[in-house]
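Read the structure below first, then the notes.
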Amino acid sequence: MPLSSVLGAATVIRSGVVTSTTRPSSPYAGQLIYESDTNRLAAYNGSAWVTQNGLQLIASQSVSGVSSFSFADSTFTSTYECYRIVGSFTMNASGASQTVTMRLRASGTDNSNSEYITANMRGSTAIAGATASSSTTTSFLIVPAMTAPNRLNFDLTLYNPKATDYTAISGTVSALQNNTDMFAIVPTGVMTVTTSYDSATFTVTSGGFTGKYRVYGIANN
């Protein structure tokens with residue numbers, strides 16, 4: 001006799017692999033599921049499904065010697081309010097000054113309007129104290145001009161890019177310049193318009209990025 005026909009088995013044997021559109025219609029409090037289309041684990045708290053992954057990997061990509069790269073369209077969706085962007089790169093340049101910026105993107109087109117308020121603070125082993133700058137410009141300033149940064153690592157949080165809201169950014173950056181000076185950089189910014197975006201583009205003014213980036217959705221609950 002199959003186990004599924006045993007009295008009460010229906011309350012014990014429950015398929016846990018579903019999609020975001022085929023969740024159990026009558027879940028019980030504490031029920032766990034795995035959504036194969038979103039690659040996330042969720043639990044039913046008695047009234048709603050709540051994500052058990054604080055960070056959900058959405059995209060990752062290796063790049064080599066490129067002066068710019070863009071996330072795929074629809075990387076940012078209404079599923080998450082905030083996103084975490086992590087990158088680690090060797091910067092391809094020989095003595096050149098490099099500035100790294102980020103533009104928000106919608107339907108395959110970068111927003112290049114002067115609608116970014118950006119502020120940046122940095123300190124290093126080469127200078128005493130810290131320097132700061134701010135302006136309204138055509139992109140978020142991630143790394144101010146540096147002479148041939150050999151290594152670049154950033155951890156950025158992007159707030160409300162998909163919502164019709166004022167998208168903002170904050171984070172930390174570490175950059176090694178000429179294999180001698182270590183820079184700690186704090187980029188921040190906010191948009192002056194409430195546009196909805198689904199992607200972003202990173203650009204360096206000379207040389208290129210070689211390394212990998214990852215984009216994570218931050219669970220809403």
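The values are calculated or read from the model by the stated rules, or taken from the named source; none is laboratory data. Keep in mind the model is a prediction, meaning the values are calculated, not measured. A quick note on method: Cβ atoms are made from the backbone with ideal geometry, for glycine too, and the neighbour counts reach across all protein chains shown. Accessible surface areas use protein heavy atoms only, side chains included; no ligands, DNA or RNA. Shrake-Rupley method; radii C 1.70, N 1.55, O 1.52, S 1.80 Å.
Restricting segment 197-221 to residues that are among the polar types (S, T, N, Q) and open to solvent by 40 Å² or more (accessible area, probe 1.4 Å) leaves a set whose member that is nearest to ALA43 (Cα to Cα) is ASN221.
The set of residues from segment 110-142 being closer than 16 Å to THR194 by Cα, assigned to a strand (DSSP E or B) and open to solvent by 60 Å² or more (accessible area, probe 1.4 Å) comprises ILE117, THR136.
So that you can scan it fast, the table gives a plain yes or no per residue for (1) in a loop (DSSP other than H, G, I, E, B); (2) over 30 Å from ARG103 (Cα atoms):
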| position | (1), (2) |
| --- | --- |
| PRO24 | yes, yes |
| ALA29 | yes, yes |
| TYR34 | no, yes |
| LEU41 | no, yes |
| GLY46 | yes, yes |
| ASP73 | yes, no |
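Would segment 146-164 turn up any residue that is in contact with a Lys or Arg (Cβ under 8 Å, 6 or more places away or on another chain), closer than 18 Å to SER206 by Cα and modelled with pLDDT of 90 or more? Within segment 146-164, none of the residues are in contact with a Lys or Arg (Cβ under 8 Å, 6 or more places away or on another chain), closer than 18 Å to SER206 by Cα and modelled with pLDDT of 90 or more. Flag: MET91 does not match the condition of being modelled with pLDDT under 95, over 15 Å from VAL204 (Cα atoms) and part of a strand (DSSP E or B). Restricting THR210, THR201 to residues that are within 30 Å of ASN39 (Cα to Cα), part of a strand (DSSP E or B) and in contact with an Asp or Glu (Cβ under 6 Å, 6 or more places away or on another chain) narrows the list to THR201. Of the residues making up segment 40-59, one or more are within 19 Å of THR157 (Cα to Cα) and open to solvent by 70 Å² or more (accessible area, probe 1.4 Å). Taking the residues in segment 143-169 that are open to solvent by less than 30 Å² (accessible area, probe 1.4 Å) and small (Gly, Ala, Ser) as candidates, determine which candidate is farthest from ASP110 (Cα to Cα). The residue in question is ALA148. Selection of segment 174-194 for residues being more than 23 Å from ASN150 (Cα to Cα) and under 18 Å from the mean Cα position of the chain (by Cα) yields GLY189, VAL190, MET191. Any residue at all in segment 127-142 that is hydrophobic (A, V, I, L, M, F, W, C) and touching a residue at least 60 places away in the same chain (Cβ under 8 Å)? Yes.
For LEU104, the stated conditions hold: it is part of a strand (DSSP E or B), in contact (Cβ under 8 Å) with a residue 12 or more places away in the chain and under 23 Å from ALA72 (Cβ atoms).
Cβ-Cβ distances below 9 Å connect the following pairs, each with a first residue in segment 67-83 that is touching a residue at least 60 places away in the same chain (Cβ under 8 Å) and more than 16 Å from TYR213 (Cα to Cα), a second residue that is outside any strand (DSSP E or B) and among the basic types (Lys, Arg), and a separation of six or more residues or different chains: THR77/LYS162; SER78/LYS162; THR79/LYS162; TYR80/LYS162; GLU81/LYS162.
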